[in-house]
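**Q** My questions will all concern the structure given below.
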Amino acid sequence: MSLPAKTNYEYYPMPQLQAEIISIGDELTSGQRLDTNSQWISQQLGAIGVRVMYHSTVADDLEANIDVFRQAIDRADLVVSTGGLGPTADDLTRQSLASAIGVELYEDADALAYIQQLFSSRGREMPPKNVVQAQFPVGSQVVHNPEGTAPGIDLAVKLHEHECRVFCLPGVPAEMKQMWDGTVEPAIVSMNPDTKSLIQHFVIKTFGMGESDMERTLPDLIRRGRKPTVGITASYATITLRITTEGDSPEECEQQATETINTIKSCLGDLIYAYHECEIQDVVSSMLETRGESVAVLESGTQGLVSHHFHNTGNAGTVVGPCRLETNLVSLGDAEQHDLTTAAAEFHASHNSDYSIVVGDILTGGPNEVDSLEVVIATNQGTEQHSFRFTGHSDIRVPKAAKQAINCLRLHLLKET
């Protein structure tokens, strides 16, 4: 059996390291700003085989910062912090890190000259307070910042007989990512150059089964300690299975994954819609584009989300416009006056499309019943009606229903082929 053509394939020298990420700033602890830096760094570390064990977020408070750094250094092999490297009084990362390990700050002449030159190139004189950005804990190295005035810190620490490498980066995402790519990631990879282990991820995307039901369907695959590991995550009713293999070669990793992938395919069948990171509408839109076909959309209960998804796939030409939102499209509670199948057939006949997706209103259930939603797939050969329980948390009901409508067309296309 050959592996799926589209897998999430990344392998790097894999240091056996455990990491902690520290995000610093009142704007984060107060909830004024979302911490996207930690998410991005976690993804980069995972891709090079470093397991992130902790995320810490700390306010602009000196003692709190010292405590967080001490704790992180004591329990992790690698610490990456973002934020707190500016020139103002609430930028405490340098002082906090130095205090945490009991050393003084020193002024780096080359870093200071670069900051002065950066201001000069922008036609400005460097404010005196920016001198602090050239200060570093004794024993550390400067991480060059090509675009900003906040250089980073690279410090090897030994605390309580435990060795740890600390990288401090600015909180500005563009600067942080550039410094990561140019300096930090290569330094982490080189920390264990003799290891031969590789890591490879395989992604399987599914729709149509809940997370708990899937765990019951794949009980042995999800258990802790299994090799290769299979992780399961849910996002707006999409279930992602991530198979992680470790070996001395790409071929060995692929061989490890083959049996697990085969088992998942045999258990889940058409619930699987892709073997790479994507959304279900991307797959359906690509199927239509490949076939040279189009779809028209008329929806009520999904509030225009089906049309929105198709128009944002990059293959908007597969969608016949205008894709309309008509509230109160059909009153499902009055079947004598309104028939969703008839409405779908009429809509399809009025549009020059190969397929039509028509989503009705939400049908409110009785005291002991659940709400439901009707979806009709219309073609030149006829109509196909589906009914779904409109369940789940209120935040995901409409997105889930929109995916269900799109999935109806995906399954219809699979039957045709």
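**Q** Rounded to a whole number, what % of the accessible area of the chain do carbon and sulfur atoms account for, probe 1.4 Å? Could the numbers behind the result be given before it?
**A** Numbers: 9250 of 20140 Å².
Ligands and nucleic acids excluded, carbon and sulfur reach 46 percent.
**Q** Any chance you could run the full-extension gain for GLU107 through ASP339? It's 0.36 nm times the residue separation minus the Cα-Cα distance, nm to one decimal. Each step should come with its number before you reach the end.
**A** Values: separation 232, 0.36 × 232 = 83.52 nm, distance 7.77 nm.
Extending this stretch completely gives an extra 75.7 nm.
**Q** Starting from the Cα of TRP40, move 7 Å in the Cα-to-Cβ direction to define the label point; list residues of the stretch 142-157 whose amide nitrogen is under 13 Å from there.
**A** none
**Q** Please express the shape of the stretch 97-169 as an equivalent ellipsoid: the semi-axes are the square roots of 5 times the eigenvalues of the C-alpha gyration tensor, given largest first in whole angstrom. Display every interim value, and only then the final one.
**A** Working: eigenvalues 149, 27, 12 Å².
In descending order, the three semi-axes are 27, 12, 8 Å.
**Q** Work out how far the C-alpha atoms of the chain reach from end to end along every principal axis, then list the three figures in whole Å, largest first.
**A** Principal-axis extents of the chain (Cα, largest first): 82, 51, 46 Å.
**Q** If you don't mind, another one. Compute the distance in nm between two label points, each set 7 Å from the Cα along the Cα-to-Cβ direction, one at ALA174 and one at GLN255.
**A** Output for this residue pair reads 4.8 nm.
**Q** Using a 1.4 angstrom probe with every protein chain in place, what is the largest-first accessible-area order of GLU147, GLU252, GLU369?
**A** Values: GLU147 105, GLU252 70, GLU369 130 Å².
In descending accessible area the options line up as GLU369, GLU147, GLU252.
**Q** To the nearest 10 Å², what's CYS164's accessible area with a 1.4 Å probe?
**A** 10
**Q** Could you give the alpha-carbon Rg of the stretch 122-228 over 2.2 N^0.38 Å, rounded to two decimals? Mind dumping the intermediate values first?
**A** On the way: Rg = 21.8 Å, N = 107, 2.2 N^0.38 = 13.0 Å.
That works out to 1.68 for the stretch 122-228.
**Q** Could I ask something else about it? Using Cα pairs under 8 angstrom and six or more residues apart, how large is the relative contact order of the stretch 197-316, in percent?
**A** Values: 151 pairs, mean separation 34.7, N = 120.
Answer for the stretch 197-316 is 29 percent.
**Q** Points 7 angstrom from Cα along the Cβ direction at THR263 and LYS129: gap in nanometres?
**A** With each label placed 7 Å out from Cα toward Cβ, I get 5.9 nm.
**Q** Search the structure for amide H atoms under 5 Å from the amide H of TYR273, placed 1.01 Å from N in the peptide plane, and list their residues when 5 or more places away or on another chain.
**A** Amide H neighbours of TYR273: LYS205, THR206, PHE207.
**Q** Find the relative contact order for the stretch 129-186 and round it to a whole percent, using C-alpha pairs within less than 8 Å whose residues are 6+ positions apart.
**A** 28
**Q** List the pairs from LYS205/LYS227; LYS265/LYS403; LYS177/LYS227 whose alpha-carbon separation is above 26 Å, in the order I gave them.
**A** Numbers: LYS205/LYS227 20 Å; LYS265/LYS403 21 Å; LYS177/LYS227 32 Å.
The answer is LYS177/LYS227.
**Q** Follow-up question, since we're still on this one. Quote to one decimal, in nm, the extra length available between SER286 and GLN381 on full extension: 0.36 nm per residue of separation minus the C-alpha distance between them. Mind showing how you got there, number by number?
**A** On the way: separation 95, 0.36 × 95 = 34.20 nm, distance 2.23 nm.
Going from the current span to full extension adds 32.0 nm.
**Q** Turning to a different aspect of this structure: If you count only protein heavy atoms with a 1.4 Å probe, what accessible area per residue comes out for the chain, rounded to a whole Å²? Provide the component values of the computation, followed by the final result.
**A** Details: 20140 Å² over 417 residues.
Per residue, the chain has 48 Å² of solvent-accessible surface.
**Q** Of GLN116, GLY231, ALA19, which is farthest towards the positive pole of the chain's charge dipole, taken about the Cα centre with +1 and -1 on the beta-carbons of Lys, Arg and Asp, Glu respectively?
**A** GLY231
**Q** Could you put SER235, SER300 in order of accessible surface area, largest first, with the 1.4 Å probe and the full protein assembly present? Show your work: numbers first, answer last.
**A** Values: SER235 65, SER300 15 Å².
The residues order as SER235, SER300, largest area first.
**Q** Multiplying the sequence separation of GLU63 and ARG224 by 0.36 nm and subtracting their Cα-Cα distance, what value in nm do you get? Mind showing how you got there, number by number?
**A** Values: separation 161, 0.36 × 161 = 57.96 nm, distance 3.77 nm.
Difference between extended and current length: 54.2 nm.
**Q** So, R0 is 35 Å and r is the distance between the beta-carbons of VAL138 and MET209; what FRET efficiency does that work out to, to 0.05?
**A** 0.05
**Q** Treating only the Cβ of Lys, Arg, Asp and Glu as charged (+1, +1, -1, -1), what charge dipole size does the chain show about its Cα centre? Round to the nearest 20 debye. Display every interim value, and only then the final one.
**A** Working: 29 positive and 56 negative charges, 97 e Å.
The dipole magnitude comes to about 460 debye.
**Q** Between SER190 and HIS308, what FRET efficiency follows from the Cβ-Cβ distance if R0 is 41 Å, with the result rounded to 0.05? Present the calculation step by step, with values, prior to reporting the outcome.
**A** Numbers: r = 45 Å, r/R0 = 1.10.
The computed FRET efficiency comes out at 0.35.
**Q** Considering the dipole of the stretch 336-417 built from charges on the beta carbon (Lys and Arg +1, Asp and Glu -1) around the Cα centre, which of ASN352, GLY382, SER394 is farthest to its positive end?
**A** It is SER394, whose Cα lies furthest towards the positive end.
**Q** Further question: Suppose R0 equals 35 Å. What FRET efficiency, 1/(1 + (r/R0)^6) with r the Cβ-Cβ distance, do ILE232 and HIS160 give to the nearest 0.05?
**A** Values: r = 37 Å, r/R0 = 1.05.
After rounding, the FRET efficiency stands at 0.45.
**Q** Just want to confirm a number: the relative contact order over the chain, from Cα pairs under 8 angstrom separated by 6+ residues, in percent. Intermediate values should be presented prior to the final figure.
**A** Numbers: 792 pairs, mean separation 50.5, N = 417.
So the answer I get is 12 percent.
The values are calculated or read from the model by the stated rules, or taken from the named source; none is laboratory data. All of these numbers come straight from a predicted model, not from anything done at the bench. Positions of Cβ are generated from backbone atoms using ideal geometry, with glycine treated the same way; all protein chains shown enter the neighbour counts. For accessibility, only protein heavy atoms count, side chains too; no ligands or nucleic acids. Shrake-Rupley method; radii C 1.70, N 1.55, O 1.52, S 1.80 Å.
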